[in-house]
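Here is the structure we will look at, set down as structure tokens.
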Amino acid sequence: MEKKAFLEWLSSYTQADQCLEAFYSQNDFFRVNTLKISPKKFREISKITVKPLSYDAAFQIDENKRFEIGKTWEYFLGLIYPQSLPSILTSLVLNPNKSDIVLDVAASPGSKFSHIAMLMENKGILVGNELKEEKISALYATINRMNILNCIVTIRDGSRLDWRSRFSKVLLDAPCTALGSGAAAWERWQPDNSSKISALQKRMLFSAYDALKPGGTIVYSTCTYAKEENEEVVKNLLDSVPSASLENVDFGFDFAHEHGLSEYGNEFRKCCRVYPQHLRSEGFFMAKIRKAE
Ligand SMILES: C[S@@+](CC[C@H](N)C(=O)[O-])C[C@H]1O[C@@H](n2cnc3c(N)ncnc32)[C@H](O)[C@@H]1O
């Protein structure tokens, strides 16, 4: 698609020039797997030079020393998971604990899934679902490499789970147009792609919400900016289900971001939009929804 048309569209959301510049100058991040090693011990034994962040399990790789992190012994031993910073923050927003029963509706390759297991300290129950059989091996590879012991893997259509009220927490990291990542996002951008995928996202959010116990919380996230895939999907649930309400997206740490779009209602300020210029990382949307008791 034309870069000019993409930039016009992008500028309806954010400062397109800053966003574009940040597309080309993203930092690399990873998360230390505390199921295997503490962040302190990791820094003692690893020669990867990093900048610490306020969340102590996440690190930014020193920008002067770029290398292929997926080829390091730290990666092969499952001590680290290379992950964008907003992706790391998503599991913090879900905030799972040792006694939770958690569902990750679209789990492969397992970046957030393995982080959730880590936050649960390998206790409780964690179900990782994925539709596509060809993507299951990547999820199993993550499970084995990161030593995840509290999980079950399922292969189902996330828009038709039929798992009523079983889970205390649910993550729906939905399939999306993924315009938050990649410098050449405009080459993939088509004006009507978001409306097309939005219908699937709405069905998946209904199905994921149905799987949530009363009193439970669900995090809905995408790595794209289009409101049709974000606020509109959440609004569709809130308008149809009286028990659903928005909660503040809280990382537990101070990281730059913007509120959700208030054109959908003031409560959408509780949602979070991260653009590439905020964290020099991927663009993301997150909403946290509670099901009333
Ligand atoms: C954004 S990716 C998930 C990334 C993953 N949460 C992570 O952090 O590593 C979306 C995933 O949804 C899967 N997917 C697509 N349609 C689905 C459906 N109907 N039900 C379940 N998963 C689906 C895709 O195969 C893809 O793996």
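Computed from the coordinates by the stated procedures, all read-outs in this text should not be read as laboratory data. From a predicted model like this one, the values you see are computed outputs, not experimental measurements. For neighbour counting, all protein chains shown are included, and Cβ atoms are generated from backbone atoms with ideal geometry for every residue, glycine included.
Result for the chain in a Gaussian network model with C-alpha springs under 10 Å: among Ser281, Ser99, Ser84, the largest mean-square fluctuation is at Ser99.
For segment 153-200, the square roots of the Cα gyration tensor eigenvalues, ordered a ≥ b ≥ c, give a/c of at least 1.5 with a/b greater than b/c, which places it in the prolate category.
Considering only Leu149, Gly182, Ser198, the residue lying farthest towards the positive end of the dipole of segment 143-201 is Leu149, judged by Cα position with unit charges set on Cβ. Measuring between their Cα centroids, segment 144-201 and segment 44-86 lie 25 Å from each other. Could you tell me whether segment 132-271 comes out rounded, prolate or oblate from its Cα gyration tensor? Rule is a ≥ b ≥ c as square roots of the eigenvalues, rounded for a/c under 1.5, then prolate if a/b exceeds b/c, otherwise oblate. Rounded. Relative protection proxy for 121-127, 283-289, 68-74, 20-26, from highest mean packing down: 283-289, 121-127, 20-26, 68-74 (other beta-carbon atoms within 10 angstrom).
Using the structure shown, select from Lys123/Lys270; Lys112/Lys196; Lys202/Lys227 the pairs with a Cα to Cα distance greater than 19 angstrom.
Numbers: Lys123/Lys270 30 Å; Lys112/Lys196 25 Å; Lys202/Lys227 13 Å.
Those over the limit are Lys123/Lys270; Lys112/Lys196.
Normalised by the number of residues in segment 207-293, the average gap of Cα pairs under 8 Å and 6 or more apart makes the relative contact order 42 percent. The amide H of Asp173, built 1.01 Å from its N in the peptide plane, has Val105, Ala106, Ser221 as neighbours under 5 Å, considering only residues 5 or more places off or on other chains. The ranking of His278, His115 by Cβ neighbour count inside 10 Å, starting from the fewest, reads His278, His115.
Taking every alpha-carbon pair under 8 Å whose residues sit at least 6 apart, segment 1-133 reaches a relative contact order of 21 percent.
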